[in-house]
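The values are calculated or read from the model by the stated rules, or taken from the named source; none is laboratory data. None of these values were measured; they are calculated from a predicted model. Ideal geometry is used to build each Cβ from the backbone, glycine not excepted, and the neighbour counts take in all protein chains shown. The protein model used for the area step is the full one, side chains on, heavy atoms only, and it has no ligands, DNA or RNA in it. Shrake-Rupley method; radii C 1.70, N 1.55, O 1.52, S 1.80 Å.
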Amino acid sequence: MSKPERSQDLVLIHHARDEWDGNILVGYLRDNGVEATLQSPPSMPPLDAMENLSGTDKVNGIFVLGYQADRARELVKEFVNTVTDEQVLEEAAAQKLKLDKETVTKLRGALKEERQTFAFLGWIGAAFLGAAALLWAIWPAWLKIGPPSPEFRWVVVVLLLLAAVFAGSWTSRRFK
């Protein structure tokens with residue numbers, strides 16, 4: 001058998017902080033023509049600190065084919081520097097976004113709509129807390145479990161009512 005010209009071995013080029021960061025970086029490499037894969041722990045939650053506990057640098061490691069390693073390292077360096085450089089991000093955003101009266105009007109409309117959405121969610125939260133306080137106060141029989149001690153039950157009712165009042169007050173002040 002003849003030896004292939006290009007190395008088909010996988011090479012570790014970068015260690016991602018977590019699985020999400022690794023997936024973004026792998027997508028960036030693939031978008032730029034470099035085949036990459038992420039070695040992540042199987043059946044582990046993405047926010048788990050498995051890489052710290054395992055003692056291996058292969059967990060959340062980004063691997064590429066040997067002949068693409070140099071190009072991949074350049075792309076990773078470019079990606080990391082671009083993402084962390086705030087001035088570069090601001091300049092890129094300014095070039096893509098051309099501000100005129102129509103764009104400003106659209107942005108103001110979107111901001112108003114977003115504020116209305118958060119105000120609605122705030123009132124939903126206040127209503128939910130009030131309903132929870134009411135349910136704790138009456139302790140319905142359909143729960144099929146015995147009520148907690150009266151002292152505990154009324155402390156929870158008072159806390160839920162205070163939380164509902166706080167949420168309603170905060171929402172009304174925040175979104176006037």
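Evaluating ARG153 against the criteria (1) open to solvent by 100 Å² or more (accessible area, probe 1.4 Å); (2) over 35 Å from the mean Cα position of the chain (by Cα) leaves one unmet condition, (1).
Within the option set VAL76, VAL64, being part of a strand (DSSP E or B) and either crowded, with 17+ Cβ neighbours inside 10 Å or modelled with pLDDT under 80 (or both) holds for one residue only, VAL64.
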